[in-house]
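These notes concern the structure reproduced below.
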Amino acid sequence: MTPRAFPFYSEIAGAADRFRRLLPRARAVQQALLRDILRHNAATEVGRLQGFAHIDGHAAFCERVPVTDYEALLPCIERMAAGVPDVLVPGIPIAFEETGGSSAGPKLVPHTPRALDAFRYALLPWLDDLARAYPVLAAGYAYWAISPAARAARTTGGGIAVGLGGDAAYFGEALAPLVIDTLAVPPSVGALTGIEAWRDATCAHLLQCEHLALISVWSPTFLDDLLAHMRAHARRLTRGMAPARARVVCAELGADNPDYRRVWPQFQVVSCWDQAASRAHAAALRAQLGAIPVQGKGLLATEGVTSIPLHELPAPVLAVESAYFEFRDGTGTCHDIGGVVPGGEYELLLTTWGGLYRYAIGDRVRVTGFSGEAPMIEFLGRAGVASDLCGEKLTEDFVLRALQPLGLRFALLAPAVRRGYVLFVDAAEVTAQSDVIASAETALCANPQYAYARRLGQLAPLELRRCVAPLRTWLAEGRARGMRLGDIKPPALSPRGGWEARFQVVVS
């Protein structure tokens, strides 16, 4: 692969400036988007039932349309997957995408042409802004990990595809060929159904690509796994490569601290999650990559894009064209963007072109400020993850904040066999003599209900379990539940116990 000027970047030039011009009038943009979604979907079953045609603003929307979640939508999703038209969206979806499991198993999220447009309204401004900050991107190749790896092609019972057939499809019919032209790893690799075969092929293509400039993944642990595989198998992966290139790659990956700019001289930036449970893993990735910047992603999920990073802003800003957003506070009151305040913490509700209306996606965010009228937000954790053994009501975002000062890449709090909690850590990070358990217990006691339960003896003292490579086990568990390899977030809190039987616990 030789360096070249990719026309994709010239085609999207100006997208970031156009998006920035929306931010001073973000409220009007959001109100118009809500009206457009409701009018477009007014003739669907749910639209007729809830009177979409008669909703003229946020207050009426809240009055007529209930907050929902995936379990409540499942009967509608199942009928759509069977090919029944006009349920949540007009006609039938062009595809479903599979995402992390609910209590009913993996979730199928419907995609429509307008839903994919909504992704582009966020992706293109972000990429245009990134290319302006790092101009070398326009002459280098990129690696994208959006869709699930190692997934066999399949359809629903109604014959609707599960998956879009490649990450380039998110960019639209006109741009998809231009995106494919930039790929360091060809789309055919994503069709490999074995994880090891997929990992080998992905790493071999990346190492072959001397002019790699951009890596965009979801979780930092996903990229860390690929880099570790390259280091462990460099000689095998470089077979058939030009000898001079193979020598450079093997020498560098064999070093104690590889300089990845020597492996890929044009390597400009990595995009991945760096908030909430991913914060420590992103910090470790930054340390590993040295001078190569790691840009934190905005909040992006299969259901829709919530926020995007722009280089001049201190935090990702709301993707005001991509969905209609509501923010539910601790009292249960739902605000539009005009009702949120800096420092406020909220649960997100999304209304999308894909048929999700007032959908509780399960993400908690903090508003850190505003760009124009658009909130900038920080991801705090999953609102739906909670544990309550005896009234302590621990939530994921609280546990994340409590454990963050420990600086551990792996720390999972879960119910113990007896009444209380166990903190699972990586034995490579925590020695048997560590005082980590005392620090964690003190931090958890900042929750008054937890502290009260400990004083009364309702909760036993926190226990420590040092484990061998627990992150690997955590990722395997996620895969077994149908989650995407790159979509599995690092842990903080599990409401279910039994992890002693899953992890390889060190007896000390």
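Among 404, 313, 339, pick out the residue whose Cα is farthest towards the positive end of the charge dipole of the chain, where Lys and Arg carry +1 and Asp and Glu carry -1 on C-beta, about the Cα centre.
About the Cα centre, the residue reaching furthest to the positive side is 404.
Please say if segment 121-237 is rounded, prolate or oblate, where rounded means a/c under 1.5 for a ≥ b ≥ c the square roots of the C-alpha gyration tensor eigenvalues, and otherwise the choice is prolate for a/b larger than b/c and oblate otherwise?
Values: a/c = 1.93, a/b = 1.02, b/c = 1.88.
Here segment 121-237 falls in the oblate category.
Given [x] 34, 33, 22; [y] 55, 27, 17; [z] 47, 27, 26 as candidate values of semi-axes √(5λ) of the Cα gyration tensor in Å, which corresponds to the one derived from the coordinates?
Label [x] holds the value from this structure.
Using alpha carbon coordinates only, what is the Rg to Rh ratio of segment 200-315, with Rh defined as the Kirkwood radius?
Working: Rg = 15.1 Å, Rh = 15.1 Å.
That ratio is 1.00, to two decimals.
In nm², what is the average projected area of the convex hull enclosing the Cα atoms of segment 242-369? Before the final figure, lay out the partial values.
On the way: hull surface 42.6 nm².
If you wrap the Cα atoms of segment 242-369 in a convex hull and average its projections, you get 10.7 nm².
What are the ³J(HN,Hα) values, in whole Hz, obtained from phi via the Karplus relation 6.51 cos²θ - 1.76 cosθ + 1.60 with θ = phi - 60°, for each residue of segment 259-275 in sequence order, with x given for Gly and Pro?
9, 6, 6, 7, 6, 10, x, 9, 4, 9, 6, 10, 10, 7, 4, 9, 10
Determine ³J(HN,Hα), in whole Hz, for all residues of segment 344-358 in sequence, where each value follows from phi through the Karplus function 6.51 cos²θ - 1.76 cosθ + 1.60 and θ = phi - 60°; x replaces Gly and Pro.
Residue by residue, segment 344-358 yields x, 10, 9, 9, 7, 10, 10, 10, 10, 5, x, x, 9, 10, 6 Hz.
Reported to two decimal places, what Rg/Rh ratio describes segment 386-501 when computed on Cα atoms with Rh from the Kirkwood expression?
Numbers: Rg = 13.8 Å, Rh = 14.5 Å.
My calculation puts Rg/Rh at 0.95.
Taking every DSSP beta bridge with both residues inside the chain, roughly what % is antiparallel (nearest 5)?
On the way: 40 of 59 bridges.
For the chain, the DSSP antiparallel bridge percentage is about 70.
Within segment 342-387, list the GluC sites (Glu not before Pro) lying in a DSSP loop whose Cβ has at most 15 other Cβ atoms in a 10 Å radius. Kindly include the intermediate steps, with their values, before the conclusion.
Values: sites: 345, 347, 373, 378; in loops: 373.
Here no GluC sites (Glu not before Pro) fit, given the DSSP loop and packing criteria.
Nearest 500 deg cm²/dmol is fine: what mean residue ellipticity at 222 nm does the chain get from its DSSP H runs of n ≥ 4 alone, each adding -39,500 (n - 2.57), divided by its residue count? Working shown, then result.
Numbers: 18 runs with 171 residues, N = 508.
It comes out at -9500 deg cm²/dmol, rounded to the nearest 500.
How big is the charge dipole of the chain about its Cα centre, in debye rounded to the nearest 20, if each Lys and Arg gets +1 on its Cβ and each Asp and Glu gets -1 on its Cβ? Before the final figure, lay out each step's value.
Working: 50 positive and 50 negative charges, 172 e Å.
Using only the charged Cβ atoms, the result is roughly 820 debye.
Taking trypsin sites (Lys or Arg not before Pro) as candidate sites, keep only those in a DSSP loop with at most 16 other Cβ atoms within 10 Å, then name the longest stretch of the chain containing none of them. Mind dumping the intermediate values first?
Working: sites that count: 4, 21, 154, 239, 393, 418, 419, 481, 496, 502.
Segment 240-392 is the longest.
List the lysines whose Cα lies under 24 Å from the Cα of residue 107, skipping any in the same chain that are fewer than 8 positions away.
Within reach: 297, 489.
Dipole size in debye (nearest 20) for segment 386-501 around its Cα centre, Lys and Arg Cβ +1, Asp and Glu Cβ -1? Walk me through the numbers on the way to the answer.
On the way: 15 positive and 12 negative charges, 48 e Å.
Dipole size: approximately 240 debye.
Bear in mind these aren't lab numbers, they're just calculated from the coordinates by the rules spelled out. Bear in mind the structure is a predicted one, so any value in this text is a computation, not a measurement. All Cβ positions, even for glycine, are placed from backbone atoms using ideal geometry, and neighbour counts span all protein chains on display.
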